[in-house]
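Worksheet for the structure shown next.
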Amino acid sequence: MNPASTQPGPHGLRFDGQRVLVVGGTSGIGNGIAQAFRAAGAQVHVWGTRARAEDYRAEEGSDLQGLVDTKLTRVTTRNPQRLQATLQRIPAARIGTPQDIAAVAMFLASPLAAYVVGHTIAVDGGLTA
């Protein structure tokens, strides 16, 4: 929660005491959405791809995703040579699943993450460890 916030959000709404998970871009519209929720009193967690927690404002938490099997990564996951080269760099020796990412998103959106502030959680199978 942002105790210094006094401005109402869109349409006069307040989000004091609420946790918001912004999924998508961390600049442009995603950042604008995050800032609007923060201004309305929400604790904001940004689901993005910036590599360092310092790239976000202090009250945000975030994740850093590794290679996850999605439509956007099929250029790698469907190419045996690229996939093998990538898997050799990932200590977990596998690509991530949407469920791996969802588990961290659920944690960040839950009361269990109430004291997680300004950190990046790498969900990458140990790639950045």
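The values are calculated or read from the model by the stated rules, or taken from the named source; none is laboratory data. Bear in mind the structure is a predicted one, so any value in this text is a computation, not a measurement. Because the Cβ atoms are built from the backbone with ideal geometry, glycine has one as well, and the counts that use them run over all protein chains shown.
Of the helices (runs of 4 or more DSSP H) entirely within the range 66-129, those holding at least 3 residues that are farther than 19 Å from VAL22 by Cα, aliphatic (A, V, I, L, M) and without any contact (Cβ under 8 Å) to a residue 24 or more places away in the chain occupy 80-87. Annotation: of all residues in the range 20-41 being modelled with pLDDT under 80 and more than 13 Å from the chain's Cα centre (by Cα), the one that is nearest to MET106 (Cα to Cα) is ILE33. Evaluation of ARG50 against the conditions (1) at negative phi; (2) modelled with pLDDT of 70 or more shows that the sole unmet condition is (2). Within the range 75-126, being among the hydrophobic types (A, V, I, L, M, F, W, C) and more than 26 Å from VAL44 (Cβ to Cβ) holds for VAL75, LEU83, ALA85, LEU87, ILE90, ALA92, ALA93, ILE95.
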